[in-house]
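A.B. asks: Quick one: this structure, given as structure tokens, is what I'll be asking you about.
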Amino acid sequence: MAERVGIVAVAQTKYHPNRCDVNEEELSWEAIKPVLEETGLSLWDIESAVTCSQDFWEGRTISNMNIQHVVGAHLQHEDKVCEDGLNAVYVAMAQILSGHYDVVLVESHMKESQGEKSAIENAAFDPAMLRVLGLDYTSSAAMQAKRYMYKYGITAEQLAKVAVRNHANAKNNPFAQDAKGITLEDVLGSKMVSSPIRALDTKPISDGACAMILANEKTAKKLSKNPIWIMGVSNCYETHYLGDRELADCDALAKAAQKAYKMAGIKNALREIDVAEITTEYSYQEALWLEGLGLCAKGEGGRMVESKAVSMGGKLPLNPSGGVLPGVPNGVAGASRVAEAVLQLRGEAGERQVKGAKTALAHGYTGICGQHQAVMVLGNS
Amino acid sequence: MQTTSEKIEGMDVWLYHGQIYIPNTFSAGATGSRFLTTIRDKAKITGTRCKECNRVYVPARSVCKDCFAQLKEWVEVSDKGTVLSYTIDSEPKPIHPTDAPVIYGIIQLDGADTGFVHMIGGADPEQLRIGMRVQAVFKPKEERIGSVLDIKHFKPL
């Protein structure tokens, strides 16, 4: 990149199963207020806001209509991203690189408690060929999980260990919703939702928000003693119809990752990345996404998720925050992964800190079986 | 629509229980409509072939995902195929077209290069496996309306 873009402040709400005590504006403000305080900026200093929310989950057309006042967008520039929150960070970066703005606020929020999950997800499918079948994200993910397990011999035990490790890590994260001390037996004995996916292989309904401030290099250095730099980023889409894809592989993620690594100058991701925060709403996704991210070979994800390499203290600690499985809203997940990566690179991740982390990976996805994938590499030097 | 006031952690919170009712009319498009009306009128499953990569898409599609080529050549595929993946969706959901559990499957029909997403019926859950052979069960002609649900489900062979 000709010019560098820095993240100068990040904040998250504590994720919660039902924040009916606040509306979207108030929930968003809980994450925005701390990033303004940290940088000493006021909403008048925010030149542009990139927000991330989703109409169907919000239950209103144009879900960003009611939050102008808390993102500094009254009589100011605002754009909404309706995909995963990591893409909002990407858009904000592009706005700064375009030279239009020096300081951009990113805000991502979602109250999953307000909607009917399976009905909202069903509305994402092609009406004629898929929606009428009554599919939702979980039943589709289940077919991806089944295909993946079949093709590469991945076991339910290996995948259950993903849930156990993430819930254990979440105990060290003050923003985590539901850090369950669960065992392998708990996961394997939990209710079968859509085979092979069990209740504890999935995340609970969650409400929350995440905010951050991005700035160009010169401004970032003024606003923060330790800005975190976006070194590489990319996203990649693939086809919607489930039967057109080999669901046991994730070609879109592989492409997004390789482009992001190239931009960041990363040649060996496993060796060069110190910590990764990836979005997994179902336990099988952690294994499959590791393959897509090029952190292990195809079919090796099952072995990698149960290895010491991905534990705290391992070669590549994965989701020290506990990730998404303990509960993060799906639209906020990627932004929240970026926020966690920033905390790691600033050495401010508390009990979940990976010592000496210099390069971090953040990942988010949108849609059915990871149809749209986004990858970001961040660094602190 | 109903509004309620609830005490939540000491706060008196006003809640609006809304439901957005928005009638929509979707078109399956020229290619999708021909695919669906062929099921309705002839109980036959069709696809389109890409002349660039030779792939046969089922359901019939107007554009190839890999070549971005416009697909004009129609082919009839078999009503029999092989299960690529499946799930038993256990919990009853209002979106389901039939009573739970609903068994979903991705089926590669003989003569097609892609999987067809549908339901599997008349199967013992224990006998389900990837690679099993299944065949389409069409609804009686008088019940067919030009929907993908004119195929009731795929039954094990």
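A.B. asks: Hand me the list of helices (runs of 4 or more DSSP H) wholly inside the stretch A:265-348 holding 2 or more residues that are buried (at least 24 other Cβ atoms within 10 Å of the Cβ) and hydroxyl-bearing (Ser, Thr, Tyr).
C.D. replies: Qualifying helices (runs of 4 or more DSSP H): A:283-292.
A.B. asks: Got at least one residue in the stretch A:52-74 being in a loop (DSSP other than H, G, I, E, B), aliphatic (A, V, I, L, M) and crowded, with 24+ Cβ neighbours inside 10 Å?
C.D. replies: Looking through the stretch A:52-74, at least one residue is in a loop (DSSP other than H, G, I, E, B), aliphatic (A, V, I, L, M) and crowded, with 24+ Cβ neighbours inside 10 Å.
A.B. asks: Which of the following residues is over 22 Å from the mean Cα position of the chain (by Cα), over 23 Å from A:ALA341 (Cα atoms) and modelled with pLDDT of 95 or more: A:GLU47, A:GLU38?
C.D. replies: A:GLU47
A.B. asks: Of all residues in the stretch B:148-157, which are surrounded by 16 or more Cβ atoms within 10 Å (Cβ to Cβ) and not in a helix (DSSP H, G or I)?
C.D. replies: B:ILE151, B:LYS152, B:HIS153, B:PHE154, B:PRO156
A.B. asks: I would also like to ask the following. Residues B:GLN127, B:GLN135: which one is in contact with a Pro (Cβ under 9 Å, 6 or more places away or on another chain), among the polar types (S, T, N, Q), in contact (Cβ under 8 Å) with a residue 40 or more places away in the chain and more than 9 Å from every other protein chain (Cβ to nearest Cβ)?
C.D. replies: So the residue among B:GLN127, B:GLN135 that is in contact with a Pro (Cβ under 9 Å, 6 or more places away or on another chain), among the polar types (S, T, N, Q), in contact (Cβ under 8 Å) with a residue 40 or more places away in the chain and more than 9 Å from every other protein chain (Cβ to nearest Cβ) is B:GLN135.
A.B. asks: Between a residue in the stretch A:71-92 that is without any contact (Cβ under 8 Å) to a residue 12 or more places away in the chain and any residue that is surrounded by fewer than 24 Cβ atoms within 10 Å (Cβ to Cβ), which pairs come within a Cβ distance under 6 Å, given they are 6 or more apart or on different chains?
C.D. replies: Close Cβ pairs (under 6 Å, with a partner that is surrounded by fewer than 24 Cβ atoms within 10 Å (Cβ to Cβ)) amount to A:HIS74/A:GLN68.
A.B. asks: Within the stretch A:1-45, can you find the residues that are touching a strand residue (DSSP E or B) at 6+ places or on another chain (Cβ under 9 Å), in a loop (DSSP other than H, G, I, E, B) and of a type in the set (S, T, N, Q)?
C.D. replies: Those that are touching a strand residue (DSSP E or B) at 6+ places or on another chain (Cβ under 9 Å), in a loop (DSSP other than H, G, I, E, B) and of a type in the set (S, T, N, Q): A:THR13, A:ASN18, A:ASN23.
A.B. asks: Report the residue count in the stretch B:138-148 for those that are more than 20 Å from B:SER78 (Cβ to Cβ) and either within 13 Å of chain A (Cβ to nearest Cβ) or touching a Pro at 6+ places or on another chain (Cβ under 8 Å) (or both).
C.D. replies: Summing the residues that are more than 20 Å from B:SER78 (Cβ to Cβ) and either within 13 Å of chain A (Cβ to nearest Cβ) or touching a Pro at 6+ places or on another chain (Cβ under 8 Å) (or both) in the stretch B:138-148 gives 3.
A.B. asks: Here's something else I'd like to know. Quick check on A:ALA199: is it within 28 Å of A:GLY115 (Cα to Cα), at pLDDT 95 or above, out of contact with any Gly (no Cβ under 8 Å at 6 or more places or on another chain) and not basic (Lys, Arg)?
C.D. replies: So A:ALA199 fits the description; yes.
A.B. asks: Write out, first by first residue and then by second, each pair whose Cβ atoms fall under 6 Å of each other, whose residues are 6+ apart or on separate chains, and whose first residue, in the stretch A:104-132, is more than 11 Å from chain B (Cβ to nearest Cβ) while the second is aromatic (Phe, Trp, Tyr).
C.D. replies: Qualifying pairs under 6 Å: A:MET110/A:TRP57.
The values are calculated or read from the model by the stated rules, or taken from the named source; none is laboratory data. Computed from a predicted structure; not experimentally measured. Please note: Cβ atoms are built from the backbone with ideal geometry, for glycine as well, and neighbour counts cover all protein chains shown.
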